[in-house]
Amino acid sequence: MDAMMSWETKMKFGFLKNLIAAGAIIGVAWSSAQAQQGVSDNEIVIGAHTALSGPAAIWGVDSTKLARLMFEEVNAKGGIHGRKIRYIVEDTQYQVPLAVKAVNKLLNRDKIFAMHLALGTGHNNAVFKRQFAKNVPSLFPLTGAVSMGLPFHKLKFQSLSTYRAQTRAGIRYFNKVKGHKRICTFAQDTDYGQEIIDAVDAEVAASDLELIAATKHKSTETEFVGSMTKLKNANCDLIVFGTIIGDAIRGYSTARKLGITADIVANVASSDRVVAAAKNNATEGFYVATSSRAIYRDTDPTPQQLDLIERFNKRYGKDPGGAIIYAHMQTKLLLKALEDAGRDLTVDSFVAAMENIKDFDDGIGTPLHSYSSTSHVGTDGVLLDVVKGGKFVPVADNIHKM
């Protein structure tokens, strides 16, 4: 009897031990799965919220098309460490409420590993809190807002220089090269426009310059005679634009029609090829302090640039628009970090891989990018271009070093 009870006790104890061990294994597996949302044995899920329609579609469509092309090329070669990349892109029509809705879907239904090429300052700022709560990195949003990289956050990675860096570098260039000291601003009355105004104020305060006139306009305005008349009467040396596309074209053409001869400089938000190609050479002589340079098939592109154009054309049946310069470096960085993170991909291993990237060259002329455990900004590189003959052409490199 005692022997039988001893045997039964041992059996129960052994079963309980095995049950506990199995539970521990399941718990570890569950914890691992939670930490690796968006990663399975054969797939990595990447998401984006962007404008595929609406006023900013000019940026959203071709940037995500290029990313998709580059993912497809990697997938055709077997993927990264045996995993294919699935890219889910949601249309926000450039509306913040739709961006919030899209992100909820991407995080909770699609369970993405990372967000790549999300468009818009307010759109990203509105979702960062819930996105980071899910441990989902923000990779290279399509906006030059300082908040994309600062304050520092483990999951924030910015690419290309900020509006602030571009604006200040542009002012310094015209001050040092042309002696301009009388500064004026023409900016949208938006968060974006305020970022430009703040940058101008900072540069004026740090230099022997004077801010002599400023105007603000709604992003929907189309008539700028009043604003430009005010700036003409102020006798500006340099007018700094805080504009996007339509207001850049109309504002600049209005200034020239009114006889304003001051140099006018904007930032990357106004550097799309649509601006350069405005009808009747309306933007001839328009400067942009930008983070990346436009690529044209017919203006002697480098072999790497031409290859990019050809690949895009073969996939989509047309040459790419200007937005590809905001997606090429970014997607190459993502692919490199996924490769360097290894087969045991987690958010932590991905972040570590990103932070080890130094002086990364995407091969098409984008400023070099570097990351570290204390900075996820990528670069402060600024280039200066000007419109000539309906195209942006280079004026100077690395003006941020002036």
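Below are the figures for this structure:
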{"item": "Qualifying residues in segment 47-93 (those that are without any contact (Cβ under 8 Å) to a residue 60 or more places away in the chain and in a helix (DSSP H, G or I)) - the one surrounded by the most Cβ atoms within 10 Å (Cβ to Cβ)", "result": "R68"}
{"item": "Residues (over 17 Å from G389 (Cβ atoms) and under 17 Å from the mean Cα position of the chain (by Cα)) located in segment 246-296", "result": "N267, V268, A269, S270, A289, T290, S291, S292"}
{"item": "G321 being under 15 Å from K65 (Cα atoms) and within 17 Å of the chain's Cα centre (by Cα)", "result": "yes"}
{"item": "Filter pass, P320 being assigned by TED's automatic domain parsing to the domain that holds A57, touching a strand residue (DSSP E or B) at 6+ places or on another chain (Cβ under 9 Å) and farther than 23 Å from H81 by Cβ", "result": "no"}
{"item": "Odd one out for S207 among (1) over 30 Å from L119 (Cα atoms); (2) in contact with a Gly (Cβ under 7 Å, 6 or more places away or on another chain)", "result": "(2)"}
{"item": "Positions within segment 370-382 being surrounded by 15 or more Cβ atoms within 10 Å (Cβ to Cβ) and either in the same structural domain as I264 (by TED's automatic domain parsing) or assigned to a loop (DSSP other than H, G, I, E, B) (or both), in sequence order", "result": "Y371, H376, V377, T379, D380, G381, V382"}
{"item": "Residue in segment 340-353 that is farther than 20 Å from A114 by Cα and either outside any helix (DSSP H, G or I) or among the polar types (S, T, N, Q) (or both) present", "result": "no"}
{"item": "Selection within segment 346-402 - of a type in the set (S, T, N, Q) and touching a strand residue (DSSP E or B) at 6+ places or on another chain (Cβ under 8 Å)", "result": "T346, S370, T379, N398"}
{"item": "Identity of the residue in segment 138-159, of a type outside the set (A, V, I, L, M, F, W, C), in contact (Cβ under 8 Å) with a residue 12 or more places away in the chain and surrounded by fewer than 24 Cβ atoms within 10 Å (Cβ to Cβ), that ends up nearest to L98 (Cα to Cα)", "result": "S138"}
{"item": "Neighbours by Cβ (under 7 Å, 6+ apart or cross-chain): first from segment 270-283, farther than 16 Å from A294 by Cα; second surrounded by fewer than 20 Cβ atoms within 10 Å (Cβ to Cβ)", "result": "N281/G390"}
{"item": "Residue count, segment 172-199 (criterion: touching a strand residue (DSSP E or B) at 6+ places or on another chain (Cβ under 8 Å), charged (D, E, K, R) and under 24 Å from T222 (Cα atoms))", "result": "2"}
{"item": "H328 vs. criteria touching a strand residue (DSSP E or B) at 6+ places or on another chain (Cβ under 6 Å) and of a type outside the set (S, T, N, Q)", "result": "no"}
{"item": "Scan of segment 100-122 for residues that are modelled with pLDDT of 95 or more and crowded, with 22+ Cβ neighbours inside 10 Å, ordered by number", "result": "A102, V103, L106, I112, F113, A114, M115, H116, L117, A118, L119"}
{"item": "Yes/no for R168 being more than 23 Å from A323 (Cβ to Cβ) and surrounded by 20 or more Cβ atoms within 10 Å (Cβ to Cβ)", "result": "yes"}
{"item": "Whichever residue in segment 224-233 is touching a strand residue (DSSP E or B) at 6+ places or on another chain (Cβ under 9 Å) and surrounded by fewer than 19 Cβ atoms within 10 Å (Cβ to Cβ) and, among such residues, is farthest from S270 (Cα to Cα)", "result": "N233"}
{"item": "Residue list for segment 184-227, restricted to those being closer than 12 Å to F241 by Cβ and touching a residue at least 60 places away in the same chain (Cβ under 8 Å)", "result": "C184, F186, Y192, I196"}
{"item": "Residue count for segment 234-266, restricted to those that are under 24 Å from A145 (Cα atoms), aliphatic (A, V, I, L, M) and surrounded by 19 or more Cβ atoms within 10 Å (Cβ to Cβ)", "result": "9"}
{"item": "Candidates A56, A67, filtered to the one that is at pLDDT below 95 and under 17 Å from the mean Cα position of the chain (by Cα)", "result": "A56"}
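The values are calculated or read from the model by the stated rules, or taken from the named source; none is laboratory data. These numbers come from a predicted model, not from an experiment. For neighbour counting, all protein chains shown are included, and Cβ atoms are generated from backbone atoms with ideal geometry for every residue, glycine included.
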